[in-house]
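In what follows, a single structure is set out as structure tokens and then discussed.
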Protein chains: 2
Amino acid sequence: MEHLNPAELVLAKDAQDLLFLDPRTVTAFQDAPVSDAQLRAIHDLVKYGPTSMNQQPLRAVLVQSSTARGRLVEHMLDSNKAKTLAAPLSVIIAADLNFHLRLSELFPVLPGAEEFFADPEMRTASATMNAHIQLGYFIVGVRAAGLAAAPMTGFDHQALNADFFPDGELQAVAVVNVGEPAQNSPGFARLPRLQYEDVFTSV
Amino acid sequence: MEHLNPAELVLAKDAQDLLFLDPRTVTAFQDAPVSDAQLRAIHDLVKYGPTSMNQQPLRAVLVQSSTARGRLVEHMLDSNKAKTLAAPLSVIIAADLNFHLRLSELFPVLPGAEEFFADPEMRTASATMNAHIQLGYFIVGVRAAGLAAAPMTGFDHQALNADFFPDGELQAVAVVNVGEPAQNSPGFARLPRLQYEDVFTSV
């Protein structure tokens with residue numbers, strides 16, 4: 001597998017390594033807890049990533065009590081149960097379907113922006129879309145804190161939402177295990193990536 | 001507006017500034033073109049960002065000919081037309097709805113992974129979800145190249161898809177203007193961001 005050094009970038013090589021080139025989606029973590037200070041620092045970095053009309057719909061639910069962790073693991077696919085139980089921290093990344101109620105504060109340049117999102121179906125689509133974009137930022141932010149992020153979409157979304165978000169205001173988009181990677185994790189070779197020519201075309 | 005320095009991060013402060021703290025969604029660019037080498041370097045960085053089952057559904061269509069640019073601008077909301085016309089480069093970020101056809105190569109650890117995505121509706125949902133996560137990485141990657149990214153979702157998705165992707169294999173998720181930001185762009189104050197307590201909760 002090639003491991004290019006994108007020389008055209010302004011970003012320093014050690015930062016490229018930290019954020020993209022070195023990290024792997026780990027399945028085993030060290031016991032060290034993730035601190036509140038680390039989570040706040042991650043937020044204070046990635047909160048600046050852009051979203052449509054500054055919606056910022058991503059919400060992060062830190063699953064910390066053993067009861068909550070037990071409930072979460074119930075909803076994960078079998079292949080994700082053990083690693084979620086063993087992670088120092090699991091975070092449910094959700095979209096706030098009522099993000100529009102804060103737009104007068106978050107997007108004051110367009111008075112009445114809230115009314116654009118009166119239709120629940122269109123609002124849900126915008127919330128989940130932007131929460132996914134923010135999930136990309138969040139994964140980068142976890143790595144910026146020197147931690148590993150293991151994002152998972154393999155869970156029973158309906159059951160998890162019914163259990164954790166019974167009022168229907170939040171909708172889970174991913175569960176991310178976070179922590180210090182175990183010394184020899186992961187045990188498999190990096191999966192192949194698409195080439196530039198596979199991804200980019202011109203018209 | 002506060003401008004915190006997340007001291008808990010491993011990522012160097014200048015990299016924090018480059019990727020998240022300093023950039024703004026600009027509406028005016030310098031004339032300097034975006035080079036092929038820059039785009040390849042961005043790809044060679046962000047291709048390592050994780051996706052579900054290594055799907056990598058994001059496709060990037062560089063709108064370069066004046067004919068194509070004219071067609072693109074037709075589909076943009078009025079408020080996005082002038083800035084798209086003036087940008088050095090506009091990129092249509094799309095999801096490849098047939099990403100599953102390459103899973104035997106991209107996710108060899110699970111033979112037959114392609115069959116999980118036989119249902120077109122579920123496949124489309126997975127493709128767009130992961131393309132949005134990758135859009136987050138792409139925006140970070142553009143900034144890593146020292147360029148500004150101005151992502152837009154304000155366009156007639158149906159009309160753009162019918163025009164640029166008539167075979168239905170790709171579905172646009174965003175249009176991103178890319179280039180060197182103009183000297184005094186943008187002219188408005190940074191929009192407010194949610195606080196940690198607004199975004200993070202514990203259970």
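The values are calculated or read from the model by the stated rules, or taken from the named source; none is laboratory data. Since we're looking at a predicted model, the values are computed, not measured. Note that each Cβ is placed from the backbone with ideal geometry, even for glycine, and that neighbours are counted across all protein chains shown. Quick note on the areas: whole protein, heavy atoms, side chains included, nothing else; ligands and nucleic acids left out. Shrake-Rupley method; radii C 1.70, N 1.55, O 1.52, S 1.80 Å.
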Original post:
How many residues does the range A:105-131 hold that are over 14 Å from the mean Cα position of the chain (by Cα), part of a helix (DSSP H, G or I) and not small (Gly, Ala, Ser)?
Top reply: 11
Original post:
Mind checking which residues of the range B:77-99 are more than 30 Å from B:MET122 (Cβ to Cβ) and touching a Ser or Thr at 6+ places or on another chain (Cβ under 7 Å)?
Top reply: B:LYS83, B:THR84, B:SER90
**OP:** Scan the range A:165-183 for residues that are farther than 19 Å from A:ILE42 by Cβ and open to solvent by 50 Å² or more (accessible area, probe 1.4 Å) and report the count.
**Re:** 5
**OP:** Among the candidates A:ALA189, A:ALA162, single out the residue that is open to solvent by 20 Å² or more (accessible area, probe 1.4 Å) and in a loop (DSSP other than H, G, I, E, B).
**Re:** A:ALA189
Original post:
Pick from B:ARG59, B:ARG71, B:ARG24: which is surrounded by fewer than 17 Cβ atoms within 10 Å (Cβ to Cβ), within 16 Å of the chain's Cα centre (by Cα) and in contact (Cβ under 8 Å) with a residue 12 or more places away in the chain?
Top reply: B:ARG24
Original post:
Going through the range A:85-103 one residue at a time, which ones are touching a helix residue (DSSP H, G or I) at 6+ places or on another chain (Cβ under 6 Å) and modelled with pLDDT under 95?
Top reply: A:LEU85
Original post:
What number of residues in the range A:105-141 are more than 9 Å from every other protein chain (Cβ to nearest Cβ) and out of contact with any helix residue (DSSP H, G or I) (no Cβ under 6 Å at 6 or more places or on another chain)?
Top reply: 12
Original post:
How many residues does the range A:147-159 contain that are farther than 23 Å from B:ALA113 by Cβ and surrounded by 15 or more Cβ atoms within 10 Å (Cβ to Cβ)?
Top reply: 2
Original post:
If you take the residues of the range A:40-60 that are more than 7 Å from chain B (Cβ to nearest Cβ) and not β-branched (Val, Ile, Thr), which of them is farthest from B:VAL199 (Cα to Cα)?
Top reply: A:MET53
**OP:** Would you point out the residue of the range A:74-86, among those that are buried (at least 16 other Cβ atoms within 10 Å of the Cβ) and polar (S, T, N, Q), that is nearest to the other protein chains (Cβ to nearest Cβ)?
**Re:** A:ASN80
Original post:
Could we say that A:GLN134 is in contact with a Leu (Cβ under 8 Å, 6 or more places away or on another chain), open to solvent by 10 Å² or more (accessible area, probe 1.4 Å), assigned to a strand (DSSP E or B) and over 18 Å from B:GLN55 (Cα atoms) here?
Top reply: no
**OP:** Assess whether A:ARG102 counts as being within 7 Å of chain B (Cβ to nearest Cβ), open to solvent by 10 Å² or more (accessible area, probe 1.4 Å), of a type outside the set (Asp, Glu) and assigned to a helix (DSSP H, G or I).
**Re:** no
**OP:** Within the range A:34-51, count every residue that is touching a residue at least 60 places away in the same chain (Cβ under 8 Å) and either in a helix (DSSP H, G or I) or open to solvent by 50 Å² or more (accessible area, probe 1.4 Å) (or both).
**Re:** 6
Original post:
Residues A:THR27, A:THR84: which one is farther than 18 Å from A:ILE133 by Cα, β-branched (Val, Ile, Thr) and in a loop (DSSP other than H, G, I, E, B)?
Top reply: A:THR27
**OP:** Search the range B:87-99 for residues being in a strand (DSSP E or B) and farther than 17 Å from B:THR153 by Cβ, and hand back the single one that is most open to solvent (accessible area, probe 1.4 Å).
**Re:** B:ASP96
